Amino acid sequence: MSIKDNLENIILKIPSEVSLVAVSKTKPINDILEAYRCGQKVFGENKIQELVEKYDKLPKDIEWHMIGHIQRNKVKYMAPFISLVHSVDSYRLIREINKQGKINNRVINCLLQIKIASEESKFGFTEKEATDFLNSEEYESFKNIKIVGLMGMATFTDNQIKINQEFKELKIFYDKVNRSNNQINKLSMGMSDDYRIAIRNGSTMIRLGSSIFGRRTNTKKK
Ligand SMILES: *Cc1c(COP(=O)(O)O)cnc(C)c1O
(Lines give C-alpha, C1' and ligand atoms only; values in the text may rest on other atoms or scores of the structure.)
Protein backbone atom coordinates (compact mmCIF):
# COMPACT_ATOMS: atom_id res chain seq x y z
CA MET A 1 0.00 0.00 0.00
CA SER A 2 1.26 3.47 -0.88
CA ILE A 3 1.17 6.47 1.42
CA LYS A 4 -1.65 7.81 -0.72
CA ASP A 5 -3.71 4.61 -0.30
CA ASN A 6 -3.08 4.57 3.44
CA LEU A 7 -4.13 8.19 3.85
CA GLU A 8 -7.25 7.80 1.73
CA ASN A 9 -8.33 4.73 3.69
CA ILE A 10 -7.82 6.43 7.03
CA ILE A 11 -9.65 9.59 6.01
CA LEU A 12 -12.62 7.50 4.89
CA LYS A 13 -12.71 5.78 8.27
CA ILE A 14 -12.48 8.76 10.62
CA PRO A 15 -15.31 11.21 11.37
CA SER A 16 -14.87 14.54 9.59
CA GLU A 17 -14.66 16.46 12.86
CA VAL A 18 -11.56 14.51 13.96
CA SER A 19 -8.37 16.09 12.68
CA LEU A 20 -5.43 14.05 11.51
CA VAL A 21 -1.81 14.79 12.35
CA ALA A 22 0.48 12.81 10.06
CA VAL A 23 3.46 11.83 12.21
CA SER A 24 6.45 11.97 9.89
CA LYS A 25 9.30 11.45 12.38
CA THR A 26 12.24 9.52 10.89
CA LYS A 27 10.59 9.61 7.45
CA PRO A 28 12.22 11.31 4.45
CA ILE A 29 11.15 14.52 2.74
CA ASN A 30 9.76 12.62 -0.24
CA ASP A 31 7.35 10.66 1.92
CA ILE A 32 6.07 13.88 3.44
CA LEU A 33 5.67 15.40 -0.02
CA GLU A 34 3.67 12.40 -1.15
CA ALA A 35 1.24 12.89 1.72
CA TYR A 36 1.21 16.65 1.13
CA ARG A 37 0.24 16.17 -2.52
CA CYS A 38 -2.77 14.13 -1.32
CA GLY A 39 -3.90 17.19 0.61
CA GLN A 40 -2.44 16.43 4.04
CA LYS A 41 -1.19 19.71 5.49
CA VAL A 42 -0.62 18.87 9.17
CA PHE A 43 2.50 16.98 10.17
CA GLY A 44 3.93 16.02 13.55
CA GLU A 45 7.54 15.53 14.60
CA ASN A 46 9.04 14.53 17.94
CA LYS A 47 12.57 15.99 17.69
CA ILE A 48 13.18 19.69 17.31
CA GLN A 49 16.27 19.38 15.12
CA GLU A 50 14.50 17.11 12.65
CA LEU A 51 11.42 19.34 12.76
CA VAL A 52 13.44 22.45 11.87
CA GLU A 53 15.30 20.70 9.03
CA LYS A 54 12.03 19.55 7.51
CA TYR A 55 10.37 22.92 8.02
CA ASP A 56 13.22 24.55 6.07
CA LYS A 57 12.91 22.16 3.12
CA LEU A 58 9.16 21.80 2.75
CA PRO A 59 6.26 24.00 1.56
CA LYS A 60 5.45 26.82 3.93
CA ASP A 61 1.74 26.12 4.12
CA ILE A 62 2.43 22.98 6.15
CA GLU A 63 1.27 23.21 9.76
CA TRP A 64 3.93 21.68 11.99
CA HIS A 65 3.04 20.11 15.31
CA MET A 66 5.57 19.16 17.97
CA ILE A 67 4.49 15.93 19.66
CA GLY A 68 7.60 14.74 21.53
CA HIS A 69 9.24 15.53 24.84
CA ILE A 70 10.97 18.92 24.60
CA GLN A 71 14.26 20.19 25.97
CA ARG A 72 13.78 23.76 27.07
CA ASN A 73 16.97 25.03 25.45
CA LYS A 74 15.63 24.03 22.02
CA VAL A 75 12.26 25.80 22.20
CA LYS A 76 13.80 28.84 20.49
CA TYR A 77 14.37 26.90 17.27
CA MET A 78 10.71 26.00 16.74
CA ALA A 79 9.16 29.11 18.27
CA PRO A 80 9.09 31.13 15.02
CA PHE A 81 6.87 28.69 13.13
CA ILE A 82 5.39 25.88 15.27
CA SER A 83 1.61 25.81 15.02
CA LEU A 84 0.77 23.47 17.90
CA VAL A 85 2.82 21.91 20.69
CA HIS A 86 1.12 18.74 22.00
CA SER A 87 3.70 17.72 24.56
CA VAL A 88 3.77 20.49 27.16
CA ASP A 89 4.58 18.64 30.34
CA SER A 90 6.14 21.06 32.86
CA TYR A 91 5.74 24.57 34.25
CA ARG A 92 9.30 25.45 33.29
CA LEU A 93 8.61 24.47 29.70
CA ILE A 94 5.47 26.63 29.68
CA ARG A 95 7.49 29.63 30.89
CA GLU A 96 10.09 29.07 28.19
CA ILE A 97 7.47 28.75 25.45
CA ASN A 98 5.82 31.97 26.63
CA LYS A 99 9.19 33.69 26.62
CA GLN A 100 10.06 32.52 23.11
CA GLY A 101 6.57 33.40 21.92
CA LYS A 102 7.18 36.92 23.13
CA ILE A 103 10.55 37.17 21.40
CA ASN A 104 8.88 36.08 18.16
CA ASN A 105 5.90 38.34 18.72
CA ARG A 106 3.39 35.51 18.46
CA VAL A 107 1.08 33.41 20.57
CA ILE A 108 2.09 29.76 20.59
CA ASN A 109 -0.81 27.31 20.83
CA CYS A 110 -0.19 24.37 23.14
CA LEU A 111 -1.85 21.32 24.61
CA LEU A 112 -1.14 20.21 28.16
CA GLN A 113 0.05 16.62 28.20
CA ILE A 114 -1.82 14.69 30.88
CA LYS A 115 -0.30 11.55 32.29
CA ILE A 116 -2.91 8.84 31.86
CA ALA A 117 -0.67 5.80 31.38
CA SER A 118 0.56 3.65 34.21
CA GLU A 119 4.07 3.59 32.73
CA GLU A 120 6.79 5.53 34.53
CA SER A 121 8.30 6.51 31.18
CA LYS A 122 5.40 8.70 30.13
CA PHE A 123 5.53 12.42 30.79
CA GLY A 124 2.75 14.75 31.75
CA PHE A 125 0.80 16.69 34.34
CA THR A 126 -1.62 15.16 36.77
CA GLU A 127 -5.19 16.42 36.47
CA LYS A 128 -4.74 18.49 39.60
CA GLU A 129 -1.54 20.12 38.38
CA ALA A 130 -3.21 21.00 35.08
CA THR A 131 -6.27 22.46 36.79
CA ASP A 132 -4.17 24.47 39.23
CA PHE A 133 -2.09 25.87 36.40
CA LEU A 134 -5.07 26.79 34.22
CA ASN A 135 -6.62 28.68 37.13
CA SER A 136 -3.40 30.39 38.19
CA GLU A 137 -2.57 34.08 38.01
CA GLU A 138 0.68 33.13 36.38
CA TYR A 139 -1.13 31.59 33.41
CA GLU A 140 -3.36 34.63 33.19
CA SER A 141 -0.25 36.79 32.96
CA PHE A 142 1.22 34.80 30.04
CA LYS A 143 0.38 36.58 26.81
CA ASN A 144 2.41 34.51 24.35
CA ILE A 145 1.25 30.99 25.08
CA LYS A 146 -2.29 29.73 24.77
CA ILE A 147 -3.47 26.38 26.07
CA VAL A 148 -6.04 25.16 23.55
CA GLY A 149 -6.47 21.58 24.66
CA LEU A 150 -5.16 18.42 26.25
CA MET A 151 -3.09 15.50 25.02
CA GLY A 152 -2.65 12.01 26.38
CA MET A 153 -0.90 8.76 25.53
CA ALA A 154 -2.29 5.45 26.68
CA THR A 155 -0.14 2.71 28.15
CA PHE A 156 1.78 0.72 25.53
CA THR A 157 -0.15 -2.52 25.85
CA ASP A 158 -2.40 -4.89 23.92
CA ASN A 159 -4.95 -4.65 26.71
CA GLN A 160 -7.75 -2.76 24.96
CA ILE A 161 -9.82 -2.51 28.13
CA LYS A 162 -7.00 -0.67 29.86
CA ILE A 163 -6.47 1.67 26.90
CA ASN A 164 -10.20 2.34 26.75
CA GLN A 165 -10.28 3.14 30.45
CA GLU A 166 -7.37 5.58 30.18
CA PHE A 167 -8.89 7.44 27.24
CA LYS A 168 -12.27 7.54 28.95
CA GLU A 169 -10.73 9.10 32.03
CA LEU A 170 -8.97 11.75 29.97
CA LYS A 171 -12.21 12.57 28.15
CA ILE A 172 -14.04 13.06 31.46
CA PHE A 173 -11.32 15.43 32.62
CA TYR A 174 -11.29 17.22 29.26
CA ASP A 175 -15.06 17.77 29.42
CA LYS A 176 -14.68 19.29 32.85
CA VAL A 177 -11.91 21.64 31.73
CA ASN A 178 -13.78 22.55 28.56
CA ARG A 179 -16.92 23.45 30.53
CA SER A 180 -15.00 26.00 32.58
CA ASN A 181 -12.88 27.30 29.67
CA ASN A 182 -14.29 26.97 26.16
CA GLN A 183 -10.95 28.01 24.62
CA ILE A 184 -9.79 24.53 25.55
CA ASN A 185 -11.45 22.61 22.77
CA LYS A 186 -8.92 20.11 21.40
CA LEU A 187 -8.32 16.61 22.71
CA SER A 188 -5.30 14.93 21.13
CA MET A 189 -5.43 11.21 21.77
CA GLY A 190 -4.92 8.16 19.59
CA MET A 191 -2.03 6.70 17.60
CA SER A 192 -1.92 4.04 14.88
CA ASP A 193 -2.65 1.15 17.22
CA ASP A 194 -5.31 2.78 19.37
CA TYR A 195 -6.95 5.60 17.41
CA ARG A 196 -10.22 3.73 16.96
CA ILE A 197 -10.57 3.41 20.73
CA ALA A 198 -9.58 7.08 21.12
CA ILE A 199 -12.21 8.27 18.64
CA ARG A 200 -14.89 6.21 20.37
CA ASN A 201 -13.92 8.06 23.53
CA GLY A 202 -14.22 11.51 22.05
CA SER A 203 -10.79 12.33 20.62
CA THR A 204 -10.79 15.38 18.34
CA MET A 205 -7.25 14.93 17.03
CA ILE A 206 -5.33 11.75 16.25
CA ARG A 207 -1.59 11.40 15.64
CA LEU A 208 -0.82 8.67 13.12
CA GLY A 209 2.62 7.67 11.90
CA SER A 210 3.12 4.04 10.95
CA SER A 211 -0.39 3.52 9.60
CA ILE A 212 0.30 6.26 7.03
CA PHE A 213 4.03 5.99 6.33
CA GLY A 214 4.71 2.35 7.25
CA ARG A 215 6.68 0.97 10.15
CA ARG A 216 9.68 2.92 11.42
CA THR A 217 12.62 0.55 11.28
CA ASN A 218 15.54 2.60 12.53
CA THR A 219 14.05 3.60 15.85
CA LYS A 220 13.60 1.79 19.08
CA LYS A 221 10.11 1.04 20.29
CA LYS A 222 8.50 3.94 22.09
C1 LIG B 1 5.48 8.39 17.22
C2 LIG B 1 4.33 9.03 17.88
C3 LIG B 1 3.04 8.92 17.35
C4 LIG B 1 2.71 8.07 16.14
O5 LIG B 1 2.90 6.71 16.43
P6 LIG B 1 2.38 5.56 15.45
O7 LIG B 1 2.22 4.39 16.33
O8 LIG B 1 3.43 5.38 14.42
O9 LIG B 1 1.10 6.03 14.86
C10 LIG B 1 2.00 9.59 17.99
N11 LIG B 1 2.22 10.35 19.08
C12 LIG B 1 3.45 10.47 19.62
C13 LIG B 1 3.61 11.35 20.83
C14 LIG B 1 4.54 9.83 19.04
O15 LIG B 1 5.76 9.98 19.58
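In this simple spin-label model, placing a label point 7 Å from the Cα along the Cα-to-Cβ direction at both Arg196 and Arg215 gives a separation of 2.0 nm. On the basis of the beta-carbon distance and an R0 of 35 Å, Gln49 and Met1 show a calculated FRET efficiency of 0.70.
On average, how much accessible surface per residue is there in the chain, in Å², for a 1.4 Å probe, leaving out ligands, DNA and RNA? Intermediate results must be reported in sequence, preceding the final value.
Values: 11480 Å² over 222 residues.
Computed with neighbouring chains in place, this is 52 Å² per residue.
Put simply, the amide H of Ile82, placed in the peptide plane, has no neighbours under 5 Å, leaving out anything fewer than 5 places away on its chain. Summarising the amide proton neighbourhood of Arg216: residues at separation of 5 or more, or on other chains, whose placed amide H is nearer than 5 Å comprise an empty set.
Of Lys41/Lys128; Lys143/Lys176; Lys54/Lys128, which sit over 32 Å apart, Cα to Cα? Could the numbers behind the result be given before it?
Numbers: Lys41/Lys128 34 Å; Lys143/Lys176 24 Å; Lys54/Lys128 36 Å.
The answer is Lys41/Lys128; Lys54/Lys128.
Taking packing as the residue-averaged number of other Cβ atoms within 10 angstrom, the listed peptides 136-145, 80-89 run from highest to lowest as 80-89, 136-145. Rounded to the nearest whole Hz, the Karplus-based 3J(HN,Hα) values (6.51 cos²θ - 1.76 cosθ + 1.60, θ = phi - 60°) of segment 129-146 follow the sequence 4, 5, 4, 4, 5, 5, 9, 7, 5, 4, 4, 4, 7, 7, 9, 10, 9, 10, with x at glycine and proline. Residues whose amide H falls under 5 Å from that of Ile108, counting only those 5 or more places apart or on a different chain, are Ile145, Lys146, with hydrogens built in the peptide plane.
When both segment 1-56 and segment 60-134 are represented by their alpha-carbon centers, they are found 20 Å apart.
How much length would be gained if the chain were fully extended between Asn105 and Asp56, taking 0.36 nm per residue of separation minus their Cα-Cα distance, in nm to one decimal?
Values: separation 49, 0.36 × 49 = 17.64 nm, distance 2.01 nm.
Contour length minus the Cα-Cα distance gives 15.6 nm.
Based on DSSP H segments of at least four residues, each scored -39500 (n - 2.57), the chain has a per-residue ellipticity at 222 nm of -11500 deg cm²/dmol.
Placing dummy labels 7 Å off each Cα toward the beta-carbon, the span from Gln71 to Glu169 is 3.1 nm.
Any number yet on Rg/Rh for the chain, C-alpha, Kirkwood? Each step should come with its number before you reach the end.
On the way: Rg = 16.7 Å, Rh = 17.7 Å.
Radius of gyration relative to Kirkwood radius: 0.94.
The packing ranking, built from the mean of other Cβ atoms within 10 Å per residue, places the peptides 149-159, 8-18 in the order 149-159, 8-18, highest first.
The values are calculated or read from the model by the stated rules, or taken from the named source; none is laboratory data. As the structure is a computational prediction, the values presented were derived from the model and not from experiment. Please note: Cβ atoms are built from the backbone with ideal geometry, for glycine as well, and neighbour counts cover all protein chains shown. Side chains included, ligands, DNA and RNA excluded: accessible areas come from the protein's heavy atoms. Shrake-Rupley method; radii C 1.70, N 1.55, O 1.52, S 1.80 Å.
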